[in-house]
């Protein structure tokens, strides 16, 4: 029996939209936790599988690349299969990746499971914003995004702490199973509250073709870019430059194809709206700094500062709780304060937190490190709810699904580049200082290499402020459909 949005609303009452939001929030929590919790186990997994820095960073970069590639498929999947079937399928894929990773026997298999998790997470990420823009009036959108944000940020806040304890008590395999109960709960809720219909209450459409050539070109561009960045180091710089050139050619072919095909993977008309275009620039740069630091900070605290995994995770816990509170406040401000001011303020605080980390050494008190992390998370709290809503409020209703998918795609693409950039830059600086990553007796050279990488992230974040200040409110209010 096909259950429409209107039928489910009549059955569950006026608060039905909040149940839908809670359903997708739990699935998104699982996907975010799967992306961040593994970082705490990178040193342990590096020892087990004898990984160097270049291979170890693929545990995060591979997940990010898969997430980025699949993200643009969300609008087509929702139109073709509807909310419920799409959501249940990708949550089950996420759970399969978690179980498979925990049972993995080789680095290649674990990496494949990380890719499976990333593919599922990429489809999941745009769905909450699509629901908020369609199911909630504009006057409620700030409240909805703040409620959603509070729940979602608890995942990266609690994840490293839980992950650190699990790694010490049960080993690295245990962290992969953390997503299983969230996935089971999300599937049960989805079968109860999500409609079979497509976004906006429309019936699913079997006529729209999937842009497979566009996805192939985009995948080639992204994978060539990330592999090219890795190959630039060492004796493979020629191969790295060739891969970067291939990435540029594939990207140009993708743009050309999108302009000509009747069913594009990404509707380039969105970028004719200035607020969305500048929001996309902010999303890419901000994603590079954010996810680069998400990879860097746990490794820095364990290897350069010599902290055990449980302490490394615990230091980030207060910052996560502050982030949840900040998002609740900032989300409600999106209807009253210009978006470009909120985003710019948040980016400045995030850049400042990276600058402050440059002064952290082995003698630095843990509460000081926690305080600098809090500074950055306050900044994130102002950026997260403002960026998506601010960028998409300049779009017509028919482009909301594409807009949510594309803004998340750009942020994740920046994140995939940022993780690779942080790992490669750190490796370069370690080599320049004549140091190697090790857990015993961290050296001053290692500290210097990490500090220089934090300086790079601060510079990247500062660049995003220039684009954020150009984001302006749309000339006309969004017409919901």
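The values are calculated or read from the model by the stated rules, or taken from the named source; none is laboratory data. Only a predicted model underlies this, so the values are computations on that prediction, with no experimental measurement involved. Here the Cβ is made from the backbone with ideal geometry for all residues, glycine too, and neighbour counts use every protein chain on show.
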Problem - Answer from 38, 90, 20 - the residue that is within 20 Å of the chain's Cα centre (by Cα), in the same structural domain as residue 401 (by TED's automatic domain parsing) and either at pLDDT 75 or above or within 30 Å of residue 258 (Cβ to Cβ) (or both) - result: 90
Problem - Flag for residue 106 being surrounded by fewer than 20 Cβ atoms within 10 Å (Cβ to Cβ) and under 23 Å from residue 226 (Cα atoms) - result: yes
Handout entry: Count of the range 334-369 residues which are in contact with a helix residue (DSSP H, G or I) (Cβ under 7 Å, 6 or more places away or on another chain) and modelled with pLDDT under 80
Key = 2
Completion exercise
Every listed condition ((1) in a helix (DSSP H, G or I); (2) closer than 20 Å to residue 468 by Cα) holds for residue 419 save (2)
Exercise for the section: Determine whether the range 110-126 contains at least one residue that is within 20 Å of the chain's Cα centre (by Cα) and not in a helix (DSSP H, G or I). Expected result: yes
Handout entry: Which numbered condition residue 133 fails, given (1) without any contact (Cβ under 8 Å) to a residue 60 or more places away in the chain; (2) farther than 30 Å from residue 172 by Cβ; (3) crowded, with 24+ Cβ neighbours inside 10 Å
Key = (1)
